[in-house]
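Novice: Have a look at this one before I ask anything.
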Amino acid sequence: MILTELHLHHFRNYQDLTVHFNPGVNVLIGHNAQGKTNMLEAIYVLSLTKSHRTSNDHELINWQEKSALISGTVEKSIGKIPLELQFSSKGKKAKVNHLEQARLSQYVGQLNAILFAPEDLSLVKGSPALRRHFMDREFSQMSSKYLYNAGQYRTLLRQKNKYLKQLKYKQQTDRVLLGVLSDQLAAFGAEVIIARQHFLKHLEGWAADLHQEISLNKESLRLEYVNQLKVNDDTTVEEAYQALFKLYQDNEQREIEQGTTIYGPHRDDIRFLVNNKNMQAFGSQGQQRTTALSVKLAEIDLMKEQTGEYPLLLLDDVLSELDTIRQTHLLTAIQNKVQTFLTTTSLSDVARQLINEPTIFEIEHGTLNKEEVK
């Protein structure tokens with residue numbers, strides 16, 4: 001999967017820009033606040049229809065304008081596909097092959113991208129919410145079914161929590177509706193839980209090999225899916241549904257008293273174990289970073305395995321956060337494998353030696369100049 005062309009119109013600090021990319025490594029270089037991350041964000045938005053930096057789409061539009069557009073051409077094994085996203089006060093519209101999509105879920109998956117930013121190095125030591133977001137963001141690109149089920153679960157969870165608060169404060173008294181909401185929530189929750197178990201098992205296989213290589217065969221990595229149902233590889237969706245619905249039934253009064261849903265995939269987590277030691281609690285910063293790097297790189301192979309296409313890799317100023325050894329492993333792993341977009345204020349000697357024929361774009365005040373690489 002290659003993004004051959006990108007066009008931005010009134011997006012952030014870009015007024016009107018068309019750029020053609022190298023199928024290998026594209027380096028976006030420049031001082032801070034010039035538009036490097038905005039360019040990377042545009043590619044990410046074109047992939048997932050939403051930003052990793054803000055939940056307010058209006059912030060993507062240049063402050064002097066009323067609408068913005070991102071479009072691009074993706075080259076896949078099946079041919080070239082034009083993609084387009086329009087943002088305005090009326091919302092956003094997505095087009096594939098110039099045809100408007102009725103739902104954004106029909107659009108996601110046309111262009112897959114993995115973002116690796118400095119904050120992703122906190123994947124191990126950060127909050128459980130960060131790891132749940134990681135699962136939803138990445139697995140949704142690999143499976144339209146996961147995207148749909150996770151979206152339905154979030155919608156029902158909001159509805160159920162709202163109703164639980166109404167019951168708590170005696171604004172409602174009918175528990176039949178609560179039972180219906182719990183039943184529906186359990187059905188979608190079970191689908192999400194089993195899919196996460198499946199994807200994490202496959203991710204572990206790829207990450208374990210990478211981690212062993214980076215640690216020079218001194219460490220072995222395991223990923224453990226932490227959930228309230230204690231599912232395993234043999235658990236069916238029906239079994240997960242029955243177990244989750246029973247938890248809702250048995251704890252109905254408790255949930256009313258607390259005014260919130262206390263069971264389900266919105267409480268799940270991932271445990272990273274290196275040589276059977278919990279990295280979140282006992283890992284050194286170096287071990288935590290190696291683990292995060294292994295997992296992020298493993299996503300590339302997992303996405304290829306699940307979709308048949310390699311994703312784009314977006315590296316947002318992450319090289320400056322890695323030491324020479326980890327920089328070397330990162331750049332070696334992606335070489336001649338995946339189209340990469342890398343932002344940096346300056347390219348390190350390590351990167352210059354390891355990146356094979358990069359295309360370098362100098363960015364200044366929202367304009368791009370292609371640098372001739374000797």
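The values are calculated or read from the model by the stated rules, or taken from the named source; none is laboratory data. Fair warning: this is a prediction, and the values are worked out from it, not measured in the lab. Every residue, glycine as well, gets a Cβ built from its backbone with ideal geometry; the counts of neighbours run over all protein chains shown. Quick note on the areas: whole protein, heavy atoms, side chains included, nothing else; ligands and nucleic acids left out. Shrake-Rupley method; radii C 1.70, N 1.55, O 1.52, S 1.80 Å.
Novice: For a label point 7 Å from the Cα of T345 along Cα→C-beta, name the residues of segment 303-324 whose backbone N is under 17 Å from it.
Specialist: 316-323
Novice: Also, quick follow-up: Principal axis lengths of the chain from Cα atoms, whole Å, largest first?
Specialist: Cα spread of the chain along its principal axes, largest to smallest: 71, 55, 37 Å.
Novice: Here's something else I'd like to know. Taking only protein heavy atoms into account and a 1.4 Å probe, give the accessible area per residue of the chain in Å².
Specialist: 47 Å²
Novice: Summing -39500 (n - 2.57) over the DSSP H runs of n ≥ 4 in the chain and dividing by its residue number, what mean residue ellipticity at 222 nm do you reach, to the nearest 500 deg cm²/dmol?
Specialist: Values: 10 runs with 158 residues, N = 374.
About -14000 deg cm²/dmol.
Novice: Based on Cβ point charges of +1 for Lys and Arg and -1 for Asp and Glu, what charge dipole magnitude is obtained for segment 261-310 about its Cα centre, in debye rounded to the nearest 20?
Specialist: That gives a dipole near 300 debye.
Novice: Now a separate question. Answer rounded, prolate or oblate for segment 29-164, using the Cα gyration tensor with square roots of eigenvalues a ≥ b ≥ c: rounded when a/c is under 1.5, else prolate when a/b is larger than b/c, else oblate.
Specialist: Details: a/c = 1.36, a/b = 1.16, b/c = 1.17.
Verdict is rounded for segment 29-164.
Novice: Ok, one more. On a C-alpha basis, how far is the centre of segment 154-188 from the centre of segment 1-42 in Å? Whole number, if you could?
Specialist: 44 Å
Novice: Separate question: Between E357 and N278, what is the label-point separation in nm under the 7 Å Cα-to-beta-carbon projection?
Specialist: 5.0 nm
Novice: Decide, for segment 42-100, between rounded, prolate and oblate: order the square roots of the alpha carbon gyration tensor eigenvalues as a ≥ b ≥ c, take rounded if a/c falls under 1.5, and otherwise choose prolate if a/b is larger than b/c, else oblate.
Specialist: Prolate is the answer for segment 42-100, as a/c is 1.5 or above and a/b outweighs b/c.
Novice: Which aspartates and glutamates, if any, have their Cα less than 13 Å from the Cα of K36, not counting same-chain residues under 8 positions apart?
Specialist: Leaving aside aspartates and glutamates fewer than 8 places away in the same chain, those within reach of K36 are D316, D317, E362, E364.
Novice: Then there is this: What is the calculated FRET efficiency for N232 to S55, with r their C-beta to C-beta distance and R₀ = 45 Å, to the nearest 0.05? Kindly include the intermediate steps, with their values, before the conclusion.
Specialist: Details: r = 35 Å, r/R0 = 0.77.
After rounding to 0.05, the efficiency reads 0.85.
Novice: What shape does segment 187-304 take by its C-alpha gyration tensor, where a ≥ b ≥ c are the square roots of the eigenvalues and a/c under 1.5 counts as rounded, a/b above b/c as prolate, and the rest as oblate? Working shown, then result.
Specialist: Working: a/c = 3.05, a/b = 1.96, b/c = 1.56.
Verdict is prolate for segment 187-304.
Novice: When the dipole is taken about the Cα centre of the chain, and only Lys, Arg (+1) and Asp, Glu (-1) are charged at their Cβ, what size is it in debye, to the nearest 20?
Specialist: That gives the chain a dipole magnitude of about 1060 debye.
Novice: If you don't mind, there's one more thing I want to ask. Relative contact order for segment 231-374: what percent, with Cα pairs under 8 Å and sequence separation of 6 or more?
Specialist: Over segment 231-374, the number comes to 12 percent.
Novice: Something else now. Taking every DSSP beta bridge with both residues inside the chain, roughly what % is antiparallel (nearest 5)?
Specialist: 75 percent
Novice: Quick one: order S88, S320, S77 from most to least accessible surface, probe 1.4 Å.
Specialist: S77, S320, S88
Novice: Could you order R158, R132 by accessible surface area, starting with the largest, using a probe radius of 1.4 Å?
Specialist: R158, R132
Novice: Please report, as a whole percent, how much of the solvent-accessible surface of segment 205-360 comes from carbon and sulfur atoms (probe radius 1.4 Å). The partial results should precede the final answer.
Specialist: On the way: 3110 of 7100 Å².
Accessible surface attributable to carbon and sulfur in segment 205-360 totals 44 percent.
Novice: Pairs to check: K95/K160; K92/K160; K80/K337; K93/K145; K95/K162. Give those whose C-alpha atoms are more than 23 Å from each other in this structure.
Specialist: K95/K160; K92/K160; K95/K162
Novice: Considering only DSSP beta bridges where both residues belong to segment 210-311, give the percentage that are antiparallel (nearest 5).
Specialist: Percentage antiparallel, nearest 5: 100.
Novice: Using +1 on the beta carbon of Lys and Arg, -1 on that of Asp and Glu, and nothing else charged, what's the dipole of segment 164-317 about the Cα centre, debye to 20?
Specialist: Details: 17 positive and 24 negative charges, 131 e Å.
With only Lys, Arg, Asp and Glu charged at Cβ, the dipole is about 620 debye.
Novice: Suppose a student asked you for the relative contact order of the chain, using Cα pairs under 8 Å spaced at least 6 residues apart; what percent would you report?
Specialist: Relative contact order comes out at 25 percent.
Novice: May I pose another question? When only the heavy atoms of the protein chains count and the probe is 1.4 Å, how do K168, K80, K246 rank by accessible area, highest first?
Specialist: From most accessible down to least: K80, K246, K168.
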